[in-house]
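Presented below is the structure to which this report refers.
The values are calculated or read from the model by the stated rules, or taken from the named source; none is laboratory data. All figures in this text were calculated on a predicted structure; none of them were measured in a lab. As a convention, Cβ positions derive from the backbone with ideal geometry for all residues, glycine included, and neighbour counts pool all protein chains shown. SASA here: full protein model, heavy atoms, side chains in, ligands and nucleic acids out. Shrake-Rupley method; radii C 1.70, N 1.55, O 1.52, S 1.80 Å.
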Amino acid sequence: MLTLHQMAMSGNCYKIRLAAHQLGIPLNLVDYPLHGGKTREPEFLAKNPNGRVPLLEFEDGRFLPESGAILFYLAQGSALWPSGRWAQAEVLQWMFFEQYSHEPYIAVARFWLGYAPKEALEAKRHLVPEWHQKGYAALGVMDGHLAARDWFAGERYSIADIALYAYTHKAHEGGFDLDDYRHVRAWMERVKATPGYIAL
């Protein structure tokens, strides 16, 4: 059985749990605390020198870090990975968008405003307006794209949707208001209605 090294509250780890559950792939979960530095200790660094989760461990001793890479691995040969070359490129386009234009602001705001120690937040509070500005910009791009289609890539639900859903549906924890993003809100309801959906 595959083992997922994870933090339960992490959207990046949730992406893997959601995809695996929808694909019928069982996972053994190994949880790490949000605070305490367990992923920076030598035992974990021997598995992933970058010191981060999610990390997928294989029975043969291999380790695969990075949520996008893990999603790609799990989705191969399934309905979550489209067959057409253009649709595949679209999936990657939106997964790269999520990691570059979305996650650094929406997920970061969620962490600092919802999970970081209050004294640590004070040192970052001056960055909150920038996180919100750039996070809302990403949400605007998403809303415009979804105005004319149900899913992000191709014509069906894929790992691009999973990648973007994880932190979008928790954006309120970072102080984001989605009331003006009706296409995003409708898309989140469609994701919730997909077979095998599980909550964060």
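Keeping to the range 70-87, report how many residues are within 13 Å of the chain's Cα centre (by Cα) and over 18 Å from PRO26 (Cα atoms).
0
Within the range 80-102, take every residue that is open to solvent by less than 40 Å² (accessible area, probe 1.4 Å) and hydrophobic (A, V, I, L, M, F, W, C) and give me the one that is nearest to ALA137 (Cα to Cα).
That would be PHE97.
Evaluate the following for LEU127: is it open to solvent by 30 Å² or more (accessible area, probe 1.4 Å) and within 24 Å of ARG17 (Cα to Cα)?
Here the answer is no, as LEU127 does not meet what is asked.
Restrict the check to the range 117-134 and report whether at least one residue is under 15 Å from the mean Cα position of the chain (by Cα), within 19 Å of ALA163 (Cα to Cα) and at pLDDT 95 or above.
First, pick out the residues of the range 117-134 that are under 15 Å from the mean Cα position of the chain (by Cα): none.
No; the residues of the range 117-134 include none that is under 15 Å from the mean Cα position of the chain (by Cα), within 19 Å of ALA163 (Cα to Cα) and at pLDDT 95 or above.
Please verify whether LEU23 is aliphatic (A, V, I, L, M) and touching a strand residue (DSSP E or B) at 6+ places or on another chain (Cβ under 6 Å), treating the condition exactly as stated.
Spelling it out, it is not the case that LEU23 is aliphatic (A, V, I, L, M) and touching a strand residue (DSSP E or B) at 6+ places or on another chain (Cβ under 6 Å).
Please enumerate the residues belonging to the range 10-47 that are of a type in the set (D, E, K, R) and in a helix (DSSP H, G or I).
Selection gives LYS15, ARG17, LYS38, ARG40, GLU43.
Can you give me the number of residues within the range 14-47 that are under 28 Å from TRP112 (Cβ atoms), in contact with a Phe, Trp or Tyr (Cβ under 9 Å, 6 or more places away or on another chain) and open to solvent by 60 Å² or more (accessible area, probe 1.4 Å)?
Within the range 14-47, residues that are under 28 Å from TRP112 (Cβ atoms), in contact with a Phe, Trp or Tyr (Cβ under 9 Å, 6 or more places away or on another chain) and open to solvent by 60 Å² or more (accessible area, probe 1.4 Å) number 2.
Looking at (1) within 17 Å of ALA79 (Cα to Cα); (2) assigned to a helix (DSSP H, G or I); (3) open to solvent by less than 40 Å² (accessible area, probe 1.4 Å); (4) out of contact with any Lys or Arg (no Cβ under 6 Å at 6 or more places or on another chain), which is the only condition GLY135 fails?
Among (1) within 17 Å of ALA79 (Cα to Cα); (2) assigned to a helix (DSSP H, G or I); (3) open to solvent by less than 40 Å² (accessible area, probe 1.4 Å); (4) out of contact with any Lys or Arg (no Cβ under 6 Å at 6 or more places or on another chain), the lone unmet condition for GLY135 is (1).
Return the residues of the range 48-79 that are over 24 Å from ALA116 (Cβ atoms), open to solvent by less than 90 Å² (accessible area, probe 1.4 Å) and in a loop (DSSP other than H, G, I, E, B); say none if nothing qualifies.
PHE58, GLY61, GLN76, GLY77, SER78, ALA79
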